[in-house]
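The values are calculated or read from the model by the stated rules, or taken from the named source; none is laboratory data. Remember, it's a predicted structure, so these values are computed and weren't measured experimentally. Using ideal geometry, Cβ is built from the backbone for each residue, glycine included, and neighbour counts are taken over all protein chains shown. For accessibility, only protein heavy atoms count, side chains too; no ligands or nucleic acids. Shrake-Rupley method; radii C 1.70, N 1.55, O 1.52, S 1.80 Å.
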Amino acid sequence: MAGEQRAGGRGEAGDAPAAPVRVLQSLRVKICEAKNLLPYPGPNKMRDCFCTVNLDQEEIFRTSVVEKSLNPFYGEDFYFEIPRTFHNLSFYIFDKSVLQRDLRIGKVAIKREDLCRYYGKEPWFALQPIDSNSEVQGKVHLELKLNELITDNGSVQQLMVHIVECEGLPLVNGQSCDPYASVSLVGPSRNDQKKTKVKKKTSNPQFNEKFYFEVTRSSSYTKKSQFQVEEEDIEKLEVRVDLWNNGNLAQDVFLGEIRIPVRVLRNDSASHQAWYWLLPKDNGSKSSKNDDLGSLRLSICYTEDYVLPSDFYIPLKTLMVKASDVQPITASAAFILGEICRDKNDAILPLVRLLLHHQKLVPFVTTIAQLDLNDTQEANTIFRGNSIATRCMDETMKIVGNHYLKVTLKNVIDEICDSPKPCEIDPNRLREGDNIDNHKDNLRYYVDKVFSCIVKSSMSCPTVMCDLFSSLRHMAVRHFPNDRHVQYSAVSSFVFLRFFAVAVVSPHIFHLRFHHPDAQTSRVLTLISKTIQTLGSVGSLSKSKTSSFKEPFMCEFYKMFEEETYTADVKKFLEEISSTESKEPSGVSESVILKEGEMYKRAQGRTRIGKKNFNKRWFSLTSREFAYHRQKDKEPVFRIPIKNILAVEKLDESAFNRNNMFQVIYGEKPLYIQASNCVEASEWIEVLSRVSRRNHRRLSKYHPSAFINGTWLCCKAASEGTGGCSPCTLGVPADVALDIDGDRECEKIYSLFSTNMQKLQKMEEACASMAVYQGPQEHSDYHFTIEDSVETFKTLQQIKAIVEKLNEPHEKHKKGSTSAKYGSQENPIVGKGS
């Protein structure tokens, strides 16, 4: 699973080995804006800038380019599961160059352990200068031993340096490097240097080479040497290991160094073995250059979930999923979770995902939506608030409706964004020479196209959304029996106002576009979204819908639409998506692109001489097929129908000495693909696995490595047709419920209850006060919804008991994870010495 690391647990003597704790990392980043960037030297001071996000030195995301600005606004969100360990999260500002290499202006680098300090904040970070000698990552495993050798001339000290291996070296120009190590024994005027062999195309080289250095001469040695007697003092000697990428014809690239004083070996009778973090040259000494490079505003939300084995979460799961059965609903653990969290979104997302996973979401949302209705006096304000119910609906539509949005809107959004027609109809924004009538025609064309796609999409609407809409519709009719339009407005307030209209104006948030649209396109999408909102609102027909617009020019534009025709289409659509009748899912009439991008694929043809090549290709995954093209927008040169995919799995780096590789198994031979970074690889594996999970012939086992030179590298089987040797990660068909990690959501809920334990205590005191004084009492700054103090108190007691029970294995795991020996692979040494 993406973002997963494992740590073993320990049980009592005689117990079976404990199941591993999964450490799952995720990161949500918003790159807001930069300001006061260093001006371009010359008459034109402006720059064309973009920003990248890097895990260590591996680029995983870049924004679109903002042209001709020293204060670029990006406004781009990026969420991803972190699929590996990392040391630093870095952001680089680049000046885009057409003819030369893009110029790096400055960077922000944050250590992983410091990321939690910025959770939920949007601070400005000063850009730091970039020095190629300070851009390092990875770690090295060394063994050192100081030996006393007896010779004919007396005793001498000899130092053995064993370069065992490295791990996590950076990519160079997007590819695995060709690393080698130089090993030196350094003194005041001494520098004995030796080198390892170059290891080709790997970020985790296995060197396993030993080097020997004379530290002291024998007492009878009289010949003048290159080092003096005072240097033989161990206090002044150190071992230096430098990692380099072999540049072949180009200059070698520095990858990092470590320095270890020889004196640390004097009291070590055995060999000294340890892992070390690679450091910048001269330990990253700061540049004397003090230019103000500007600053970058970021929102960073990094989370680490320590997910225990499933059995630990059974009591918490049981308590949460029975929420809809608790009377009153305000006494349920799910409702209490929303009450105690300052940021309601922290509670809503894991709650919705967990209830979806256990198919308990519809009854819960239906029950809490009744609370909203009880407080609603007028039908035209139905479900317009920001309650727990409406937020649950919003998150549900985002989770289960993502594919629905792509099927419905992606093609038309791509058309608008790729070549937007001028649509500005605000007289105050028009430029000289603009024809407002042409602009209105263009805007109407787009609105009609988007509207048509929406009202014809009912058969693609996910079942969960239809069930929720059906419940809300019937509840609204019961609450407002005399309003004949409330059955529509109860549904349209979600599906048009909070789903389609939001997706149109912010397509990048719903993964309909990779980047935030530019200013001109954003304005077009905003005008379309405003009109769609109004077309979708089915309120009292006696009132003019133009009253929903604040701007006179929008009122004028809206008169172009025939209200009766559009209203009839909207009503028909709303009836279809809120019908309780079962419907057969329709085949998608048009192929929809789910993901696309540039990757490398291994040539599939057989060659008798030489190795098969890796070629750069444009890959696209649609609702029907997975294909690659020689260039974007060209016809595919190779297609795999989705129904033919048998498995999608990672590929061992050792197969081709390339990282970030995966394989699509579809027939006799797999298709081997290399993604640009670890996040892209994980995302491709996930989306390909999801669309092919229902295939009947999916494999249960696969080969994690390749068949090369007549043998499978993983299991050494000599026949290419031999069945797989490792179990596939996904072996059964699944729907959205199985795509959710229920244990992880329980862990998030546990963390929220644990963090807000003080509020739970206050809520408990409020219940006790109500029971004694038979009514709500003003007792604290907190305001809780407590309908039944006895039932709420019972639930609070259960929550506290569950949290206390879960605290024990978490504390045990933290003790185990922090007890890793300094210098081990899990806890490498930082800095000089040990």
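Odds and ends about this structure:
- Wholly within the range 21-64, strands (runs of 3 or more DSSP E) carrying at least 3 residues that are hydrophobic (A, V, I, L, M, F, W, C) and modelled with pLDDT of 90 or more: 21-35, 49-55
- Qualifying residue in the range 437-448 (condition: in contact with a helix residue (DSSP H, G or I) (Cβ under 6 Å, 6 or more places away or on another chain), under 13 Å from Gly536 (Cβ atoms) and either buried (at least 17 other Cβ atoms within 10 Å of the Cβ) or hydroxyl-bearing (Ser, Thr, Tyr) (or both)): yes
- Residue under evaluation Ala717, criteria (1) in a strand (DSSP E or B); (2) in contact with a Cys (Cβ under 8 Å, 6 or more places away or on another chain), criterion not met: (1)
- Scope the range 734-789; condition in a helix (DSSP H, G or I), within 29 Å of His357 (Cβ to Cβ) and either among the hydroxyl-bearing types (Ser, Thr, Tyr) or at pLDDT below 85 (or both); matching residues: Val736, Ala737, Leu738, Asp739, Tyr750, Ser751, Ser754, Thr755
- Top-ranked residue of the range 115-132 - restricted to ones that are under 18 Å from the mean Cα position of the chain (by Cα) and not aromatic (Phe, Trp, Tyr), ranked as surrounded by the most Cβ atoms within 10 Å (Cβ to Cβ): Leu115
Per-residue answers, yes or no, for (1) modelled with pLDDT of 90 or more; (2) within 24 Å of Pro828 (Cα to Cα):
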| position | (1), (2) |
| --- | --- |
| Val164 | yes, yes |
| Gly174 | no, no |
| Cys177 | no, yes |
| Ser182 | yes, yes |
| Leu185 | yes, yes |
| Ser203 | no, yes |
| Glu214 | no, no |
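- The range 695-708, residues that are modelled with pLDDT of 85 or more and out of contact with any Gly (no Cβ under 8 Å at 6 or more places or on another chain): Pro704, Ser705, Ala706, Phe707, Ile708
- The residues of the range 460-491 that are more than 17 Å from Asp372 (Cα to Cα) and open to solvent by 30 Å² or more (accessible area, probe 1.4 Å), listed by number, are Ser460, Thr463, Val464, Asp467, Asn482, Asp483, Arg484.
- Residues (open to solvent by less than 10 Å² (accessible area, probe 1.4 Å) and in a loop (DSSP other than H, G, I, E, B)) located in the range 511-538: Leu512, Val538
- Failed item in (1) in contact with a Pro (Cβ under 9 Å, 6 or more places away or on another chain); (2) on the phi < 0 side of the Ramachandran plot, with Val156 passing the rest: (1)
- Residues satisfying the stated conditions in the range 304-320, i.e. open to solvent by 20 Å² or more (accessible area, probe 1.4 Å) and part of a helix (DSSP H, G or I): Ser310, Asp311, Phe312, Ile314, Pro315, Lys317, Thr318
- Some residue of the range 436-446 being more than 23 Å from Ala519 (Cβ to Cβ) and in contact (Cβ under 8 Å) with a residue 24 or more places away in the chain: no
- Residue among Ala347, Ala323, Ala369, Ala331 that is closer than 29 Å to Val790 by Cα, open to solvent by less than 30 Å² (accessible area, probe 1.4 Å) and either modelled with pLDDT of 95 or more or in contact with a Gly (Cβ under 7 Å, 6 or more places away or on another chain) (or both): Ala347
Matching residues to (1) hydrophobic (A, V, I, L, M, F, W, C); (2) in a strand (DSSP E or B); (3) more than 30 Å from Leu169 (Cβ to Cβ); (4) in contact with a strand residue (DSSP E or B) (Cβ under 8 Å, 6 or more places away or on another chain):
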position: Ser620; (1), (2), (3), (4): no, yes, yes, yes
position: Phe626; (1), (2), (3), (4): yes, yes, yes, yes
position: Asn659; (1), (2), (3), (4): no, no, no, yes
position: Phe662; (1), (2), (3), (4): yes, yes, no, yes
position: Ser676; (1), (2), (3), (4): no, no, no, yes
position: His696; (1), (2), (3), (4): no, no, yes, no
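- Residue within the range 681-694 that is at pLDDT below 90 and on the phi > 0 side of the Ramachandran plot present: no
- Residue in the range 697-708 that is over 28 Å from the mean Cα position of the chain (by Cα) and open to solvent by less than 20 Å² (accessible area, probe 1.4 Å) present: yes
- Taken over the range 76-107, the criterion of being open to solvent by less than 10 Å² (accessible area, probe 1.4 Å) and farther than 17 Å from Pro170 by Cβ is satisfied by Glu76, Phe80, Ile93, Gly106.
- Inter-residue pairs, beta-carbon under 6 Å, first in contact (Cβ under 8 Å) with a residue 60 or more places away in the chain and in the range 647-670, second open to solvent by less than 50 Å² (accessible area, probe 1.4 Å) and part of a loop (DSSP other than H, G, I, E, B), 6+ apart: Ala647/Cys728; Asp652/Pro704; Asp652/Ser705; Glu653/Asn659; Asn657/Thr202; Asn659/Ser203
- Candidate set from the range 742-773 (those that are in contact (Cβ under 8 Å) with a residue 40 or more places away in the chain and of a type in the set (A, V, I, L, M)); member that is surrounded by the fewest Cβ atoms within 10 Å (Cβ to Cβ): Met757
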